[in-house]
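One structure is given here, and the rest of the page talks about it.
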């Protein structure tokens, strides 16, 4: 059964003294478990957090995420060191690339299933927003907390369209330029350099996507 959902927007002045109904913000169930949910989707940022009611399965995932994220940071740093070593030394054997792949695989396993859609985050205006809350649960929040609203309007982008357009252009042009140099130099360049080209291109395309307003949450 499809659950009607909406976003909750909590003014910054209300975030520290909320009256939170004992209803799961993930599926609307009346017997939730309470967990400390990170207030950011940034992978390694676990604080500040907000104690929220969720279903049992989501509660397990969140606790595992918080417990293992610190270890995934170490594995990611190891992969970064291996990538930098490969770029500086211009190594052509498979050791650095293997190290990168192994540390990336370990990091992925340590992350587990990650966080749910209902992770609260700060908007560009400083308000707190919780996406994808069941509609009837959102109504309970609104009724018990003056100033809190439920909305289907898209969240505003953090930066201006000019910001995303400029960075999109810079990253894509840089990726194409470096790729052209690597293809024309006639040397066996380390694969990690091509990986950096691909990362720059993907980041540029992601910035270009953000030029348009975010889609509505319906």
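Neighbour counting of Cβ atoms within 10 Å sorts the residues 34, 167, fewest neighbours leading, into 34, 167. Scoring 200-207, 127-134 by mean Cβ neighbours within 10 Å over their residues and listing the highest first yields 127-134, 200-207. Between residue 64 and residue 3, the modelled labels are 1.9 nm apart [label points 7 Å from Cα along Cα→Cβ].
Figure legend: label point modelled 7 angstrom from the Cα of residue 14 along Cα→Cβ; residues of segment 134-163 with amide N under 12 Å from it are 138-151. Estimated from the Cβ-Cβ distance and a Förster radius of 45 angstrom, the FRET efficiency linking residue 139 and residue 166 is about 0.60. Legend: calculated FRET efficiency, residue 181 to residue 159, from the Cβ-Cβ distance at R0 = 22 Å, rounded to 0.05, equals 0.15.
Any read-out appearing in this document is the output of simple, stated calculations on the displayed coordinates, not a laboratory observation. No experiment lies behind these values; they were computed from the predicted model shown. Cβ sites come from the backbone with ideal geometry, for glycine too, and all protein chains shown count toward neighbours.
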